[in-house]
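> Starting off with a structure, shown below.
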Amino acid sequence: MKPVYIMVGGFLGAGKTSTISRLARHYMSQGKKVGIVTNDQTTDLVDTHNLRSQGFKVGEVAGSCFCCNFNALTATVENLGEGELPEIILAEPVGSCTDLVATVIRPLTEVYGVPLDIAPYGVILKPSHGLRILRGDGTSGFSPKANYIFRKQIEEADFVVINRIDELSTADIDELQTLLETEYPGRPVLRCSAKSGSGFTTLVETLEQRGQFGRRVMEVDYDVYAEGEAELGWLNSQVVVQSPHEFELDTFLMDLIGRLHGRLLTSSAEAAHLKVIGLCEGSYAVANLVSNATGPELSLASNSRTPSANVVVNARVATDPVELEMIVREELAATSLELGLTHTVVSLQSFRPGRPVPTHRIVE
């Protein structure tokens, strides 16, 4: 049997990591060997820490997207197995990337040289920004160039997943489905919740289908694409937090992400995704902010008290990266002071993504 390659796309904050985690648990429960590949423009990725903390075998392609470092993707996949590839390979591309059929899926089948069973390519739709972008009402918080990436991701999908249905009204779900079916006909639309598992069986059944999939190559204006990505400030940071006394890890994360949310609102800087993971001995917690409108969420509670923790902050925000770094540094200090803690910034990178230059692009 050929290894199955499943790539789960979607915009920043759509719920790709939660979906991949649930898929990994499903396939492992069937006795299959599973490997996961995460992807980011730099190191210190919350998703990698999160998935590894759940006990999954995870490789990371850091420093560039899958499409711009195809050889790193294939090398990482090969390192997941012990002498052979995993039976199931789950890949999560950078959430600001598109044109992945031409630059990742087609090269895997035509250039890589290792036989893979390529699953249908699904894109998870992020409702908090998706409704506003698809309505075209100009209130998404992003520029038309960033919205262009969002739309292109849907255009190349074999199927689309409306995620977070447990957080949406029936009217909003119906409107999203109607907008998708009208603007992007011919793509099945699934309704799921990666958190609760609702609709998950249908997702698995869709991924098991085979046929004319992974072939929606499209025209992409790489100037608009590059400018849309470059409008986002990107920040990854790793911090050590300590105290003479035990503190509540969940409280620290929520206080930090709440303060960051408040600063973004004040600055009119739209959050594409802001996520924080805190790791202490034997436990971890994750907090998320997927848009300014929805507000912070403790997506995974640790219920732990600890004298120290490693904290990783990832922020993707429509603002200047210098401004973003200042906000993060100031609110880390304010949160630590409020809770009587000390903090040490071990590493921090803030930047704008560079122009995508794919290793391969097969469109014929």
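The values are calculated or read from the model by the stated rules, or taken from the named source; none is laboratory data. Owing to the predicted nature of the structure, the values given are computational and were not obtained by experimental measurement. In this analysis, Cβ positions are derived from the backbone assuming ideal geometry, glycine residues included, and neighbour counts consider all displayed protein chains.
> Yes or no: N314 surrounded by fewer than 19 Cβ atoms within 10 Å (Cβ to Cβ) and either among the polar types (S, T, N, Q) or touching a strand residue (DSSP E or B) at 6+ places or on another chain (Cβ under 9 Å) (or both)?
The answer is no for N314.
> Separate question: Give the residues of the stretch 74-105 that are in contact (Cβ under 8 Å) with a residue 40 or more places away in the chain and in a loop (DSSP other than H, G, I, E, B), sorted by residue number.
Those that are in contact (Cβ under 8 Å) with a residue 40 or more places away in the chain and in a loop (DSSP other than H, G, I, E, B): G81, L85, P86, E87, E92, P93, V94, G95, S96, C97, T98, D99.
> Please determine, by comparing only the residues of the stretch 79-101 that are at pLDDT 95 or above and of a type in the set (D, E, K, R), which one is surrounded by the most Cβ atoms within 10 Å (Cβ to Cβ).
Filtering the stretch 79-101 for residues that are at pLDDT 95 or above and of a type in the set (D, E, K, R), the one surrounded by the most Cβ atoms within 10 Å (Cβ to Cβ) comes out as E92.
> Kindly state which strands (runs of 3 or more DSSP E) lie completely within the stretch 1-71 and contain at least 2 residues that are polar (S, T, N, Q) and not assigned by TED's automatic domain parsing to the domain that holds S291.
In the stretch 1-71, 34-40 are the strands (runs of 3 or more DSSP E) which contain 2 or more residues that are polar (S, T, N, Q) and not assigned by TED's automatic domain parsing to the domain that holds S291.
> Kindly check whether there is at least one residue in the stretch 331-340 that is on the phi > 0 side of the Ramachandran plot, over 21 Å from the mean Cα position of the chain (by Cα) and modelled with pLDDT of 95 or more.
Looking through the stretch 331-340, at least one residue is on the phi > 0 side of the Ramachandran plot, over 21 Å from the mean Cα position of the chain (by Cα) and modelled with pLDDT of 95 or more.
> Now a separate question. Report yes if L207 is of a type in the set (A, V, I, L, M, F, W, C) and in contact with a Ser or Thr (Cβ under 8 Å, 6 or more places away or on another chain), otherwise no.
no
> Separate question: Those residues that are surrounded by fewer than 18 Cβ atoms within 10 Å (Cβ to Cβ) and either assigned to a helix (DSSP H, G or I) or not hydroxyl-bearing (S, T, Y) (or both), I need them from the stretch 119-144; list them, please.
Across the stretch 119-144, the qualifying residues are R135, G136, D137, G138, P144.
> Got at least one residue in the stretch 148-156 being surrounded by 21 or more Cβ atoms within 10 Å (Cβ to Cβ) and among the hydroxyl-bearing types (S, T, Y)?
The answer is no, given that none of the residues of the stretch 148-156 is surrounded by 21 or more Cβ atoms within 10 Å (Cβ to Cβ) and among the hydroxyl-bearing types (S, T, Y).
> Identify the residue in the stretch 161-177 that is β-branched (V, I, T), assigned to a helix (DSSP H, G or I) and in contact with a Pro (Cβ under 9 Å, 6 or more places away or on another chain) and, among all such residues, is nearest to M7 (Cα to Cα).
Here the residue is I165.
> Restricting attention to the stretch 130-143, which residues are over 16 Å from the mean Cα position of the chain (by Cα) and touching a residue at least 12 places away in the same chain (Cβ under 8 Å)?
If the condition is that a residue be over 16 Å from the mean Cα position of the chain (by Cα) and touching a residue at least 12 places away in the same chain (Cβ under 8 Å), then L131, I133, L134, R135, S140, G141, F142, S143 are the ones that fit.
> Looking at V61, V104, which one is surrounded by 24 or more Cβ atoms within 10 Å (Cβ to Cβ), β-branched (V, I, T) and under 29 Å from A287 (Cβ atoms)?
Just one listed residue meets the conditions, V61.
> Which of the residues that make up the stretch 178-229 are assigned to a loop (DSSP other than H, G, I, E, B), surrounded by fewer than 18 Cβ atoms within 10 Å (Cβ to Cβ) and of a type in the set (A, V, I, L, M)?
Scanning the stretch 178-229 gives V217, M218.
> Give me a count of the residues in the stretch 56-101 that are of a type in the set (F, W, Y) and under 19 Å from Y27 (Cβ atoms).
Count: 1.
> Among (1) part of a loop (DSSP other than H, G, I, E, B); (2) farther than 30 Å from L100 by Cα; (3) in contact with a Cys (Cβ under 8 Å, 6 or more places away or on another chain), there is one condition N303 misses while meeting the rest; what is its number?
(3)
> Taking the stretch 191-202 only, how many residues are under 17 Å from L176 (Cβ atoms), of a type outside the set (K, R) and free of Cβ contacts under 8 Å to residues at least 40 places away in the same chain?
Summing the residues that are under 17 Å from L176 (Cβ atoms), of a type outside the set (K, R) and free of Cβ contacts under 8 Å to residues at least 40 places away in the same chain in the stretch 191-202 gives 4.
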